[in-house]
Amino acid sequence: MTEQPFVIVGGGLAGAKGAEALRDQGYDGPLVLIGDEPDRPYERPPLSKGYLLGNDERDSAFVHDAGWYAEHDVDLRLGATVVEIDTRTRTVVLDDGGTVRYAKLLLATGSSPRRLSIPGADAAGVHYLRRLPDSDAIKSTLASVRRLLVVGGGWIGLEVTAAARAAGVEVTIVEAQELPLLGPLGPELARVFADLHVEHGVTLRTGVGIERFTVDGDRVSGAVLADGSHIEADAVVVGVGAAPNLQLAAAAGLRVHSGVVTDARLQSSDPDIVVAGDIAEADHPLLGPGIRVEHWANALNQPAVAASTMLGGDAVYDELPYFYTDQYDLGMEFHGLVTPDNYDDVVYRGDVAAREFIAFWLREGKVVAGMNVNVWDVDGPIKALIRSGERVDVARLADTGVPLEEIAGG
């Protein structure tokens with residue numbers, strides 16, 4: 001009887017890293033990777049960073065070179081959409097009617113941009129950024145327009161804004177909250193990024209929503225805001241968050257909440273299905289249950305644990321959430337997790353005005369997150385402080401004369 005393959009559904013970074021991890025961990029059986037895009041798996045950060053800025057070549061985004069999949073005996077099926085997972089027969093059904101049986105399944109279906117449903121939202125010139133063709137279209141747009149409207153002051157919106165300003169485009173950001181990045185950073189550090197963009201000539205409209213886009217012919221020409229004001233624009237980029245692609249998992253009967261619920265081994269409620277990337281809502285040994293973050297680092301690192309689980313191992317995913325950004329002359333790395341109710345103090349170490357500092361979020365004197373801005377090679381002690389779960393001396397934490405390693409080491 002032919003051995004049933006391990007199957008990966010999702011052709012992004014998590015899917016590609018899942019295939020790599022399975023081979024690295026000794027699995028030599030049949031392996032099928034199914035992706036709904038025509039391009040081989042690629043990473044998404046370059047789409048709003050180096051590639052969009054024109055600093056990196058398109059090929060730099062791909063996870064593996066074109067020959068890697070054949071060299072590692074991975075059956076790569078591109079442009080194929082899985083429409084159903086039958087857990088009873090352990091079968092995935094494709095949109096062309098084909099089926100693939102599986103022994104174990106890694107589900108890594110990622111996220112999709114949240115789309116606006118206001119009048120004019122389907123006009124030409126309204127862009128979303130998730131896939132390579134989206135980045136190509138925005139890159140072309142930045143080379144040909146004078147005024148850009150960015151809807152949403154999250155990471156995508158701000159990085160696109162920085163790229164647009166580098167291209168000499170006038171930019172207005174409309175953000176419904178009082179500050180960009182208010183959710184992921186809180187008001188203290190969100191202000192740093194708001195000021196950064198204003199200093200680079202960006203017009204910020206905060207605390208107001210979009211009522212409708214205005215259209216000239218079939219092309220967007222601007223927007224009317226909820227306060228009645230009008231913004232003229234030659235193009236629009238919408239970045240109002242992403243929704244995890246949970247439809248397959250939910251229809252298959254997996255336990256779903258804000259994501260596909262898993263244990264610390266990334267095992268779903270079905271013993272033959274593991275999960276990685278944006279859709280994984282996992283138990284975290286340090287942070288607790290129900291942790292789901294849509295960051296590149298999860299898609300990069302979770303697949304090794306998922307592969308271990310598929311092979312009967314007992315590895316757990318205990319990496320701290322991590323993300324980074326580059327905007328103008330500001331480079332930043334972030335470790336940990338900030339929510340409106342998980343911190344009661346922010347401590348700064350360094351020169352905030354010069355944007356060369358580390359910020360620490362604390363709860364009851366314990367570090368829960370750290371962000372280094374234009375300060376490098378401090379990942380180790382920042383993570384050690386978070387993992388320790390111990391109270392710190394706030395004065396020493398803020399004192400650049402005290403080595404951070406010394407504080408992290410107790």
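A few comments on the model shown:
- The strands (runs of 3 or more DSSP E) found wholly in the range 298-410 and carrying at least 1 residues that are over 25 Å from the mean Cα position of the chain (by Cα) and farther than 26 Å from residue 46 by Cα occupy 345-351, 356-363, 366-373.
- Members of the range 104-137 that are touching a Gly at 6+ places or on another chain (Cβ under 8 Å) and aliphatic (A, V, I, L, M): 106, 107, 108, 126, 129
- Residue in the range 202-214 that is assigned to a strand (DSSP E or B), under 30 Å from residue 22 (Cα atoms) and either open to solvent by 50 Å² or more (accessible area, probe 1.4 Å) or touching a residue at least 24 places away in the same chain (Cβ under 8 Å) (or both) present: no
- Residue within the range 134-154 that is in a helix (DSSP H, G or I), touching a Phe, Trp or Tyr at 6+ places or on another chain (Cβ under 9 Å) and either under 17 Å from residue 223 (Cβ atoms) or of a type in the set (Ser, Thr, Tyr) (or both) present: yes
- Flag for residue 126 being in contact with a Ser or Thr (Cβ under 6 Å, 6 or more places away or on another chain) and either among the aliphatic types (A, V, I, L, M) or modelled with pLDDT under 95 (or both): no
- Residue in the range 61-90 that is least open to solvent (accessible area, probe 1.4 Å), counting only those that are closer than 20 Å to residue 19 by Cβ and of a type in the set (Ser, Thr, Tyr): 69
- For the range 302-323, the set of residues classified as over 18 Å from residue 109 (Cβ atoms), touching a Phe, Trp or Tyr at 6+ places or on another chain (Cβ under 9 Å) and in contact (Cβ under 8 Å) with a residue 60 or more places away in the chain consists of 304, 311, 323, listed by residue number.
- When the range 282-297 is filtered for residues that are open to solvent by 50 Å² or more (accessible area, probe 1.4 Å) and more than 13 Å from the chain's Cα centre (by Cα), the ones remaining, listed by number, are 283, 285, 286, 287, 289.
- Residue check for residue 294: outside any strand (DSSP E or B) and at pLDDT below 95: yes
- The residue list 87, 172, 91, 109 contains one member that is more than 20 Å from residue 9 (Cβ to Cβ) and either in contact (Cβ under 8 Å) with a residue 60 or more places away in the chain or of a type outside the set (Gly, Ala, Ser) (or both), which is 172.
- Every listed requirement among (1) in a helix (DSSP H, G or I); (2) at pLDDT 95 or above is met by residue 177 save one, (1).
- Taking the criterion of being assigned to a loop (DSSP other than H, G, I, E, B) and either more than 23 Å from residue 101 (Cβ to Cβ) or open to solvent by 40 Å² or more (accessible area, probe 1.4 Å) (or both), the residues of the range 16-44 that qualify are 25, 26, 28, 30, 36, 37, 38, 39, 40, 43, 44.
The values are calculated or read from the model by the stated rules, or taken from the named source; none is laboratory data. Note that the structure is a prediction, hence the values are computed from the model and not measured. All Cβ positions, glycine included, derive from the backbone under ideal geometry; neighbour counts span all protein chains shown. What goes into the accessible areas is simple: the full protein's heavy atoms, side chains included, and nothing from ligands, DNA or RNA. Shrake-Rupley method; radii C 1.70, N 1.55, O 1.52, S 1.80 Å.
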